[in-house]
1. Hey, among Gln190, Gln163, which residue is surrounded by fewer than 22 Cβ atoms within 10 Å (Cβ to Cβ), polar (S, T, N, Q) and away from the ligand (no atom under 16 Å from the Cβ)?
2. Please pick out the residue among Leu197, Leu215, Leu172, Leu209 that is surrounded by fewer than 24 Cβ atoms within 10 Å (Cβ to Cβ), in the same structural domain as Gln130 (by TED's automatic domain parsing) and within 12 Å of the ligand (Cβ to nearest atom).
3. Kindly list the number of the only condition in (1) farther than 30 Å from Ala143 by Cβ; (2) within 15 Å of the ligand (Cβ to nearest atom); (3) not β-branched (Val, Ile, Thr) that fails for Tyr184.
4. Could you tell me whether any residue of the stretch 222-230 is under 22 Å from Ile84 (Cβ atoms) and over 19 Å from the mean Cα position of the chain (by Cα)?
5. Please state which one of Ile236, Ile230, Ile268 is more than 16 Å from the ligand (Cβ to nearest atom), more than 30 Å from Arg89 (Cα to Cα) and not small (Gly, Ala, Ser).
6. Suppose we filter Asp97, Asp85 for residues that are crowded, with 22+ Cβ neighbours inside 10 Å and charged (D, E, K, R); which single one remains?
7. Those residues that are within 21 Å of the chain's Cα centre (by Cα) and either small (Gly, Ala, Ser) or not in a helix (DSSP H, G or I) (or both), I need them from the stretch 241-268; list them, please.
8. May I ask you to list the residues in the stretch 90-123 that are closer than 26 Å to Pro54 by Cβ and either within 12 Å of the ligand (Cβ to nearest atom) or within 17 Å of the chain's Cα centre (by Cα) (or both)?
Amino acid sequence: MSVLDLARPEIRTLQPYSSARMEAGGGQIMLNANESAWEPAGAFGFGCNRYPDPQPQPLLQALATLYGVRREQLFVGRGSDEAIDLLVRAFCRAGQDAILVQPPTFGMYAVSARIQHAAVIEVPLTQDFQLDVAALLAALTPAVKLVFLCSPNNPSGSSIPRQDIERVAQALAGKAVLVVDEAYVEFSDQRSVADLLDRYEHLAVLRTLSKAWALAGARIGSLLANAEIIALIRRIMPPYPLPLPCVAAALAALSSSGQVLARDHIAIVREQRAVMSEALMKVPGVRGVLPSDANFLAVRFDDAGEVYRRWLQAGIVVRDIRRYPGLQDALRITLGTPEENARLLAVLNEGRA
Ligand SMILES: *Cc1c(COP(=O)(O)O)cnc(C)c1O
């Protein structure tokens with residue numbers, strides 16, 4: 001059996017949209033796409049009067065090298081959010097199929113499923129935000145086509161041990177696609193599971209330039225998976241997902257000087273994570289700081305609502321995560337610059353004086 005047997009049959013046979021840019025490129029006089037012949041004002045040299053390459057080779061090559069995969073194992077889209085949406089659309093039949101998630105976790109899996117009218121099966125993480133492999137496997141039904149694992153997890157910050165991910169991968173063979181969301185893996189000691197792609201044809205990995213690569217505004221996210229899944233996703237992608245200025249921004253960030261800068265900032269975040277975790281733990285009214293492998297801390301308070309409002313009054317915005325199961329007393333604090341983090345601490349301590 002092929003992993004594509006899990007996909008929606010009508011997607012497998014769909015005749016994809018064939019854009020002008022895909023049918024022909026590389027001429028000197030381009031009169032095939034109803035574009036303007038003139039660059040717009042303030043064009044910054046991007047050539048934005050022309051439609052962009054749907055999957056530009058230089059960006060694919062740079063990301064494939066970064067993530068250690070082959071180009072045919074990579075789809076690049078508008079953030080990993082788009083990849084999540086396309087996976088759900090490709091694999092879940094409306095009103096019939098389901099995804100499986102582990103709350104408290106990233107909300108977009110369930111939102112994309114509901115848009116597609118796919119069911120959402122929830123297997124909560126344990127009290128200390130670990131994956132319950134046995135409960136996950138027990139909750140599997142034939143309707144489940146996608147199992148999402150988020151590691152490190154948003155909003156708890158916890159990672160799933162590699163051997164647990166492998167156990168799930170082994171159990172899902174022939175049954176469902178395992179999607180491991182690694183949006184924060186650059187901040188973790190644990191390495192990516194992308195090296196397992198050649199071993200599990202039903203494994204998919206989500207990576208993004210939005211967090212460690214400082215490009216949230218450019219919307220560049222990747223799906224790593226075996227070539228069959230990638231080809232299927234490319235059949236249903238929007239005609240031109242990647243705007244030229246965003247591709248240029250990504251290539252600059254991935255240049256050798258860009259990589260040095262990103263690694264410097266990751267090191268600062270990791271250092272600040274330890275510093276802030278320890279400092280917050282000492283503040284009266286703080287019940288606990290969850291261990292985090294990501295660029296944020298989930299922090300429990302005696303009165304999270306009051307702390308949230310106090311920071312807001314000082315112009316500091318954090319994420320209220322009290323609606324998540326197991327986190328009813330918690331706020332999620334993204335690690336900023338050392339100065340920003342110090343200010344956050346000072347405002348918290350002022351209220352205690
Ligand atoms: C931020 C985040 C994303 C979204 O990334 P984009 O590439 O910006 O769409 C995906 N997954 C998780 C868990 C996130 O926290």
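The values are calculated or read from the model by the stated rules, or taken from the named source; none is laboratory data. All of these numbers come straight from a predicted model, not from anything done at the bench. Glycine gets a Cβ as well: all are built from the backbone with ideal geometry, and neighbour counts include every protein chain shown.
1. Values: Gln190 fails: away from the ligand (no atom under 16 Å from the Cβ).
Exactly one of Gln190, Gln163 is surrounded by fewer than 22 Cβ atoms within 10 Å (Cβ to Cβ), polar (S, T, N, Q) and away from the ligand (no atom under 16 Å from the Cβ), namely Gln163.
2. On the way: Leu197 fails: within 12 Å of the ligand (Cβ to nearest atom); Leu172 fails: within 12 Å of the ligand (Cβ to nearest atom); Leu209 fails: surrounded by fewer than 24 Cβ atoms within 10 Å (Cβ to Cβ).
Exactly one of Leu197, Leu215, Leu172, Leu209 is surrounded by fewer than 24 Cβ atoms within 10 Å (Cβ to Cβ), in the same structural domain as Gln130 (by TED's automatic domain parsing) and within 12 Å of the ligand (Cβ to nearest atom), namely Leu215.
3. Here Tyr184 clears every test but (1).
4. Start the filter on the stretch 222-230 by keeping residues that are under 22 Å from Ile84 (Cβ atoms), which leaves 222-230.
Filter once more, so that each one left must be over 19 Å from the mean Cα position of the chain (by Cα): 227-228.
The answer is yes, given that some residue of the stretch 222-230 is under 22 Å from Ile84 (Cβ atoms) and over 19 Å from the mean Cα position of the chain (by Cα).
5. Details: Ile236 fails: more than 30 Å from Arg89 (Cα to Cα); Ile230 fails: more than 30 Å from Arg89 (Cα to Cα).
Ile268 is the lone residue from the list that is more than 16 Å from the ligand (Cβ to nearest atom), more than 30 Å from Arg89 (Cα to Cα) and not small (Gly, Ala, Ser).
6. Working: Asp85 fails: crowded, with 22+ Cβ neighbours inside 10 Å.
When all the criteria are applied, what remains is Asp97.
7. Correct list: Pro241, Leu242, Pro243, Ala248, Ala249, Ala250, Ala252, Ala253, Leu254, Gly258, Ala262, Ala267.
8. Met108, Tyr109, Val111, Ser112, Ala113 - these are the residues of the stretch 90-123 that are closer than 26 Å to Pro54 by Cβ and either within 12 Å of the ligand (Cβ to nearest atom) or within 17 Å of the chain's Cα centre (by Cα) (or both).
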